[in-house]
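Worksheet: the structure to be examined is printed underneath.
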Amino acid sequence: MSPAGLLISSGADSGYFPLLRDTVLSIHEHRRDVAIGILDFGLVPEQRDWLAERVTHLVRPDWDVAFPDREHTPEVRKAQLSRPFLRRHFPGYETYLWIDADAWLQDWRVVELYLAAAGRDKLAITPEIDRAYKRHYKRPKLFGWTLSWKCYREAFGWRVADRLGRNPIVNCGVFALHRDAPHWDAWERIIGRVAQRTRFFYIEQTALNYVIFAERLPVNFLPAYCNWMPGDAAPAFDAARGLFVEPYAPHEVIGVMHLAGDAAKSQTFRLRQLDGGEVETSLRYCETRDLVSRQPQPLGGEAGALSERL
C-alpha cells in the first residue's frame, strides 16, 4: 500500500503527551511521508503547536457514544471510547493503523505486516500471548477469574464471562483495519451497548474482544513482537544492530514496543545482550536513543544478521 492510503493514528491528553511525542518521533525516524492523525483528549496549546508541525491531522473529538451522565464525565474518558470511530475523525483513508500513545515503532516492517494481515476485511491485531510472557507461568486464578473474565463480566455479565472469559486478551493498543471492514460497525454497536451499562477502563478493548470471539468477524492474530509488552517480558538487546529483540531465539526484532502499565513507563530494565553481558535502560523511545546510537551498524543483510544471532 502506498503511504497515501494509510493513516497512522494515536491520541493523548496533556499528561500522556511526552509518550505521544515519542510515538510521533519514532514514526518519523522511519517515514516522513505517511499521514499521522492525532486525537486530542485534552492537550495544552504548546503541545498542540508541537504536533501541528509534525502530524497531518489534529482532531479534538466530540463524544462518539451516548451514555448516562455524559455531561459530567471528564474529557479524557474519550480515550476509552474513540477508536471505533477513526473513520469519522479522519475520513478518506484506505487503512487505519492505531498505535497507543504509550507505544513506539522500532521496525517499519511490522507496519507492512499489519497492513498485509488486515487486507480488506480482516482485523490485524496481537493477542497478549508469548512464550516469554510471565503471565503464562503463574498459578491459575481462583475459579478461573482472570482479567479477561472480569472484563467480560463487567461489560456483559456472568453468562458471557463464563463463555468467553477463558479466551486470551487481544490488545487493541495496536491494530490495523481497512475502511470497508465490517468490524467498525460491529465495534461501534457493541461499545454503544456496553457504555449504557459501564464505563470501566477496558471498555473499548473488551467490546472489540467480543466482536472477535462472540461475533466471530475475521481476524489475523499477529505474533507478540508486533505489539511487545515489556512488563510481561523484558526484551533482549542486539548490540550489533542497536535493536531490541525477543528474549528467545530466533530473536525477532520487536516492531512495536508497548509500555502498557505504569511500571513499564518508569522502570529501568536490565536486559540481556545477545553478544554477552547486560545493559540497564529505560524502554521509553527518547531515553533509548543514546544507547542505540552507540551501537555499531551491521555490515550484512537481514538474513546474514539472523544467521549470526542463531
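Table for the structure above
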{"item": "Selected residue (only one of 216, 241, 189 is more than 24 Å from residue 155 (Cα to Cα) and either without any contact (Cβ under 8 Å) to a residue 60 or more places away in the chain or more than 20 Å from the chain's Cα centre (by Cα) (or both))", "result": "241"}
{"item": "Residue 127 vs. criteria surrounded by fewer than 15 Cβ atoms within 10 Å (Cβ to Cβ) and assigned by TED's automatic domain parsing to the domain that holds residue 188", "result": "no"}
{"item": "Qualifying residue in the range 150-164 (condition: touching a residue at least 24 places away in the same chain (Cβ under 8 Å), part of a loop (DSSP other than H, G, I, E, B) and closer than 20 Å to residue 189 by Cβ)", "result": "no"}
{"item": "Any helices (runs of 4 or more DSSP H) falling wholly within the range 1-95 and containing at least 2 residues that are at pLDDT 95 or above and among the hydrophobic types (A, V, I, L, M, F, W, C)", "result": "17-30, 45-52"}
{"item": "Residues of the range 88-100 classified as of a type outside the set (Asp, Glu) and either closer than 14 Å to residue 191 by Cβ or over 18 Å from the mean Cα position of the chain (by Cα) (or both), total", "result": "6"}
{"item": "Hits in the range 25-49 (condition: without any contact (Cβ under 8 Å) to a residue 40 or more places away in the chain, surrounded by 13 or more Cβ atoms within 10 Å (Cβ to Cβ) and of a type in the set (Lys, Arg))", "result": "48"}
{"item": "Any hit, the range 186-203, residues being crowded, with 17+ Cβ neighbours inside 10 Å and touching a strand residue (DSSP E or B) at 6+ places or on another chain (Cβ under 7 Å)", "result": "no"}
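Conditions tested, residue by residue: (1) assigned by TED's automatic domain parsing to the domain that holds residue 70; (2) aliphatic (A, V, I, L, M); (3) not in a helix (DSSP H, G or I).
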position: 197; (1), (2), (3): yes, no, yes
position: 200; (1), (2), (3): yes, no, yes
position: 247; (1), (2), (3): no, no, yes
position: 265; (1), (2), (3): no, no, no
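The values are calculated or read from the model by the stated rules, or taken from the named source; none is laboratory data. Since the model is a prediction, treat every value here as computed from it, not as a measurement. Here Cβ is always computed from backbone atoms with ideal geometry, including for glycine, and neighbour counts include all displayed protein chains.
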